[in-house]
Amino acid sequence: MAKFGKKKKGLPAVNTAALPDIVFMLLFFFMVTTTMRETDLRIENPRLPSATEIKKLEDKSLVSTIYVGKSKDPNRDGVGYNKIQLNDKIASADQVPAFIFSKRDKLAEAMHPFMTTSIKADKESNVGTMTDIRLKLRDVNALKISYSTQKGSGN
Amino acid sequence: MARRENPEINAGSMADIAFLLLIFFLVTTTMNVDSGISKKLSEKPPPDYVPPIIKEKNIFEVNINRNNELLVEGDRMEIKELKEAAKKFIDNGGGIGKPGEDGTPGKPCDYCQGERSDTSSDHPNKAIISVQSDRGTEYGTYIQVQNELLRAYTELRNRLSKQRYGMSFDELEEAFKDAKKSADLKDRVEELRKKVEDIKIAYPQIISDAEPTS
């Protein structure tokens, strides 16, 4: 018994004072690395269609994103699922070339053929809008596009 | 006695608070990996461009109307049947393929397992899938159709790749990507590239989007 008593007294508690530091470090790491959405959406978050045959977009800096969906502010932009958002404004398909050019300016000439346009469109938007965008993209030779989808379950 | 004089603030729950914050951030920030159906648009044709004449039997026509209904080769069809129909069309192999770029005459498709019917496509490299949609078609349906068509190609490619190289095309592409990345697999890159190209040439994805009707 005496032995036990002695041991109990001698055993110090593990010092956990540094634990918050470690956890905070993790916290900061995640806060810094996860990118917040760089443009705020003028349209409602598009409900992406799901598909199985999808490919990941490799290099984020080469991707320009076009959003299509329903406006958050129907009084100003009108109703319907076919609003196009470029950067952080609602725009029309005619402004797509200017948008692509402004993205290209930021990159070296040699990288231009590898640039991809990602179209994030709502399920309920219409193919007509997509065609308008596609024609404009073709006019300015931005030929790589990706229809953003969720990973769906194959059947 | 010393403890009483100089009491430490209990920092034990500090970790809990920090963990809570950490978990909150982990949950709310989405690591959104952008993924989607990738497509390459055709270049803008010159103004005096005359489209080549393509035999009717080499075109697989898919129409989507504004009520999101499908008309495939003149018949109504459900989306879930589309894949099989497309596979049958691509894999028909009823005639000879396109002549090679170096002038070699076209060969009949020796890997096709289709019916070899005279009324369907000649060769996978001649088979064109044309998707015509209405301006009012829902985007979701359009993507579903594209997805089904791509699946038809993927299944055919996988089958051929298994036959020729003992692994599916997905695995082959994966191996190719890995080999490109790591230095000690350098000698395999060329070999894998050839295999990937071989399968891609055997079943090229030719899906064209016709101008939508309005």
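Nothing in this text is a laboratory measurement; each read-out follows from the coordinates by a stated rule. Computed from a prediction, not measured in an experiment: that's the story for all the values here. Using ideal geometry, Cβ is built from the backbone for each residue, glycine included, and neighbour counts are taken over all protein chains shown.
Mean residue ellipticity at 222 nm from the helices of the protein assembly as shown, using -39,500 (n - 2.57) per DSSP H segment of n ≥ 4 over the full residue count, to the nearest 500 deg cm²/dmol?
Value at 222 nm, helices only, nearest 500: -12000 deg cm²/dmol.
Which of A:Thr34, A:Thr16, A:Thr131 moves the most in a Gaussian network model of chain A with Cα springs under 10 Å?
A:Thr16
If you stretched the chain out fully between B:Ile23 and B:Lys40, how much longer would it get, using 0.36 nm times the residue separation minus the C-alpha to C-alpha distance? Walk me through the numbers before you get to the answer.
Numbers: separation 17, 0.36 × 17 = 6.12 nm, distance 4.01 nm.
So the extension gain works out to 2.1 nm.
Among B:Pro52, B:Asn10, B:Gly95, pick out the residue whose Cα is farthest towards the positive end of the charge dipole of chain B, where Lys and Arg carry +1 and Asp and Glu carry -1 on C-beta, about the Cα centre.
B:Asn10
Can you find, among B:Leu70, B:Thr213, B:Gly136, the residue farthest towards the positive end of the dipole of chain B? Put +1 on the C-beta of Lys and Arg, -1 on that of Asp and Glu.
B:Leu70
Springs between alpha-carbon pairs under 10 angstrom, Gaussian network model over chain B: which of B:Lys126, B:Lys177, B:Lys87 fluctuates most?
B:Lys177
Would you mind computing the Rg to Rh ratio of chain B from its alpha-carbon coordinates, Kirkwood style for Rh?
That ratio is 1.25, to two decimals.
Is there a quick way to get the dipole size of the protein assembly as shown? I mean about its Cα centre, with the Cβ of Lys and Arg at +1 and of Asp and Glu at -1; what is the value in debye to the nearest 20?
About 1720 debye.
Cα gyration tensor of region A:102-149, axes a ≥ b ≥ c as square roots of the eigenvalues: rounded (a/c below 1.5), prolate (a/b > b/c) or oblate?
Prolate.
Any idea what the dipole of chain B comes to, in debye rounded to 20, about its Cα centre with Lys/Arg Cβ at +1 and Asp/Glu Cβ at -1?
360
Could you calculate the contour length gain from A:Phe29 to A:Asn45, that is, 0.36 nm times the residue separation minus the distance between their Cα atoms, to one decimal place in nm?
Values: separation 16, 0.36 × 16 = 5.76 nm, distance 2.70 nm.
Contour length minus the Cα-Cα distance gives 3.1 nm.
Can you give me the long-range amide H partners of A:Ser125? Hydrogens built in the peptide plane at 1.01 Å from N, cutoff under 5 Å, separation of 5 or more residues or another chain.
B:Tyr139, B:Gly140
Roughly how many nanometres apart are two label points built 7 Å out from the Cα toward the Cβ at A:Ala13 and A:Asp94?
With each label placed 7 Å out from Cα toward Cβ, I get 7.2 nm.
Cα extents of region A:50-151 along the three principal axes, largest first, in whole Å?
42, 32, 21
Using the membrane-span-like helix rule (whole DSSP H runs, Cα extent along the own axis of at least 15 Å, mean Kyte-Doolittle hydropathy at least 0.5), which helices of chain B qualify?
B:14-28
Which FRET efficiency value, to the nearest 0.05, is calculated for B:Ile54 and A:Lys151 with the Förster distance at 30 angstrom and r the Cβ-Cβ distance? Each step should come with its number before you reach the end.
Numbers: r = 35 Å, r/R0 = 1.16.
Here the calculated transfer efficiency is 0.30.
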